[in-house]
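S.K.: Pasting a structure here, questions to come.
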Ligand code: AMP
Ligand code: GLY
């Protein structure tokens, strides 16, 4: 098959790698990175035009923005199968409140929430209990739209800032506490298969300290999650959402990512994403033994999904970031040592010049290793993460060790 992967980060490198792995597919990437260029064709320009010009058999969309903007709808009109949901379905990520409405209709467990369109009512609702609530910007916020205030001063300032930024709609929900886990489901509109559960680590420093990032590492499966957890999430979360979306006239085809929190009262959905997680994908896909091309194509076409075979053991991905990220950081530092490692190295913020590789972003590389168990996977990943060097390299040392 000829497959176009849309995106240019570590997640897309992992997707392109997994789709290329069995050797039968020709992979194009829009726009890709130096890592994908090693085995695929990086392209520039509008992905829909590339898909048409190259007569691809399938488009696999990595990031949420093109999905929310309707790339799947445009491709469908042109008759090109797209693994990624329609704009209407992508609202599950594009609007926190829409997701809440769908969850209520589908009977999916989630934190109690309320939507506000004016500043005063939101401030009034939170009142003297800011630490009991979470404040969320309704729209896409590139992972930066969720706030956990501790004081009234903080919550007032957050709400004011959100409305001043033109957010227009703010969701306030009950704050839960517990362990987090991500479940990725490949959906064909009516049915789904779940991939093994994973966990990412969003804070920049060890012990879950410091600001949130796009993700500093991920493990699959998390050691404290029961083996059949995904089956339960399939029944209680994924399939009910697919039924509601279908009843609303639009079938969900693509990955549905449920971000869950396991509390003492059971698990609750914190968020949906309408795409693969980054860096969860870099940890999950290396454990999937079956070929993903047929799975994604079947999902895109609304056909019966082939079974998915998963390797035994575990996987760990450690992100190497530029010092200072997620704040300001410098770029253009030479990266050395990738040739010394056995792990999979997925590139994210890199650029190539005269045959050498340089840093070009906050999250630079994801080092993924497998093992018979998580300890072994982590040992392998950290050994290799140490061998790769660039000035200012930062990584967390406790991936897979905290929840
Ligand atoms: P989201 O972008 O919705 O995944 O939220 C980002 C992070 O905020 C999650 O991974 C949680 O750590 C936290 N979060 C979101 N919703 C809640 C909630 N209701 N209670 C506690 N933490 C939350
Ligand atoms: N790793 C979290 C996300 O992709 O949204």
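S.K.: Taking the simple approach of a point 7 Å from Cα along Cα-to-Cβ for both residue 128 and residue 232, what is their distance in nm?
M.R.: 3.8
S.K.: For the chain, what is the calculated [θ] at 222 nm in deg cm²/dmol (nearest 500), taking -39500 (n - 2.57) for each run of four or more DSSP H residues and dividing by its residue count? Each step should come with its number before you reach the end.
M.R.: Working: 13 runs with 113 residues, N = 403.
Rounded to the nearest 500, it is -8000 deg cm²/dmol.
S.K.: In addition: Grab the Cα-Cα distance for residue 309 and residue 190, subtract it from 0.36 nm times how many residues apart they are, and report the gain in nm with one decimal. Spell out each step's value before the answer.
M.R.: Values: separation 119, 0.36 × 119 = 42.84 nm, distance 2.06 nm.
Working it through step by step, the gained length comes to 40.8 nm.
S.K.: Please tell me the relative contact order of the range 1-95 in percent, rounded to the nearest whole number, where contacts are Cα pairs under 8 Å and at least six residues apart.
M.R.: Values: 166 pairs, mean separation 25.2, N = 95.
This gives 27 percent for the range 1-95.
S.K.: Can you put 274, 193, 171, 146 in order of Cβ neighbours within 10 angstrom, beginning with the fewest?
M.R.: Details: 274 27, 193 20, 171 23, 146 17.
In increasing order of surrounding Cβ atoms, one gets 146, 193, 171, 274.
S.K.: Roughly how many Å is it from the Cα centre of the range 283-298 to that of the range 42-80, as a whole number?
M.R.: After rounding, the separation between the Cα centres reads 20 Å.
S.K.: Next question, about the same structure. Could I have the simple spin-label model distance between residue 294 and residue 26, label points 7 Å from Cα toward Cβ, reported in nm to one decimal?
M.R.: With each label placed 7 Å out from Cα toward Cβ, I get 2.2 nm.
S.K.: If contacts are Cα pairs under 8 angstrom and at least 6 residues apart, what is the relative contact order of the chain in percent?
M.R.: Numbers: 965 pairs, mean separation 68.2, N = 403.
After rounding, I find 17 percent.
S.K.: Given axes a ≥ b ≥ c from the Cα gyration tensor, I'd like to know whether the range 33-79 is rounded (a/c under 1.5), prolate (a/b larger than b/c) or oblate. Please report the intermediate quantities before stating the final value.
M.R.: On the way: a/c = 2.30, a/b = 1.44, b/c = 1.60.
Taking the square roots of the gyration eigenvalues as a ≥ b ≥ c, the range 33-79 is oblate.
S.K.: Dividing the Cα radius of gyration by the Kirkwood radius, what Rg/Rh value follows for the range 1-68? Write out the running numbers ahead of the final one.
M.R.: On the way: Rg = 10.6 Å, Rh = 11.5 Å.
Here the Rg-to-Rh quotient is 0.92.
S.K.: Starting from the 7 Å offset along Cα-to-Cβ, what nm value, one decimal, do you get for the label separation of residue 140 and residue 53?
M.R.: 2.3
S.K.: Just to check, using Stokes-Einstein with a Kirkwood Rh over alpha carbon pairs, what's the diffusion coefficient of the chain at 10 °C and 1.306 mPa s in µm²/s? Before the final figure, lay out each step's value.
M.R.: Details: Rh = 21.5 Å.
Result for D is 74 µm²/s.
S.K.: If contacts are Cα pairs under 8 angstrom and at least 6 residues apart, what is the relative contact order of the range 169-261 in percent? Could you put the intermediate results ahead of the total?
M.R.: Working: 146 pairs, mean separation 36.2, N = 93.
Normalised by residue count, the contact order of the range 169-261 is 39 percent.
S.K.: Now for a different question. Tell me, in nm to one decimal, what length is gained between residue 401 and residue 165 on full extension, where the rule is 0.36 nm per residue of separation less the Cα-Cα distance? Numbers along the way, then the final one.
M.R.: Values: separation 236, 0.36 × 236 = 84.96 nm, distance 3.70 nm.
Once the chain is fully extended between residue 401 and residue 165, it gains 81.3 nm.
S.K.: Under 10 Å, Cα contacts only: if you run a Gaussian network model on the chain, which one of 366, 45, 277 comes out with the highest mean-square fluctuation?
M.R.: 45
S.K.: Taking the Cα centre of each part, how many Å lie between the range 300-338 and the range 182-226?
M.R.: A separation of 11 Å, based on Cα centres.
S.K.: Return the ratio Rg/(2.2 N^0.38 Å) for the range 309-355, where Rg is computed over Cα atoms only. Intermediate values should be presented prior to the final figure.
M.R.: On the way: Rg = 14.3 Å, N = 47, 2.2 N^0.38 = 9.5 Å.
Relative to the 2.2 N^0.38 Å estimate, the range 309-355 comes out at 1.51.
S.K.: Using all Cα-Cα distances in the range 44-124, what percent lands in each 5 angstrom bin from 0 up to the longest?
M.R.: Cα pair-distance distribution for the range 44-124, in percent: 3, 13, 19, 16, 13, 11, 8, 7, 5, 2, 1, 0.
S.K.: For residue 37 and residue 391, what does the FRET efficiency come to when R0 = 35 Å and r is the distance between their Cβ atoms, rounded to the nearest 0.05? Please report the intermediate quantities before stating the final value.
M.R.: Values: r = 24 Å, r/R0 = 0.67.
Using R0 = 35 Å, I get an efficiency of 0.90.
S.K.: Could you give the length gained on full extension between residue 1 and residue 44, defined as 0.36 nm per residue of separation minus the Cα-Cα distance, in nm? Don't skip to the answer; put the middle values down first.
M.R.: Working: separation 43, 0.36 × 43 = 15.48 nm, distance 2.05 nm.
Value of the extension gain: 13.4 nm.
S.K.: Indicate the gyration tensor shape class of the range 271-380 (rounded, prolate or oblate), computed on the Cα atoms with a ≥ b ≥ c the square roots of the eigenvalues: a/c under 1.5 is rounded; otherwise a/b larger than b/c is prolate and the rest oblate. Don't jump to the answer; show the numbers that get you there.
M.R.: On the way: a/c = 2.10, a/b = 1.60, b/c = 1.31.
It is prolate, given that a/c is not under 1.5 and a/b is the larger ratio.
Read-outs throughout are calculated quantities, based only on the coordinates presented, and are distinct from any laboratory measurement. Predicted model, so just to flag it, every value in this text is computed and none were measured. Cβ atoms come from the backbone with ideal geometry, glycine included; neighbour counts cover every protein chain shown.
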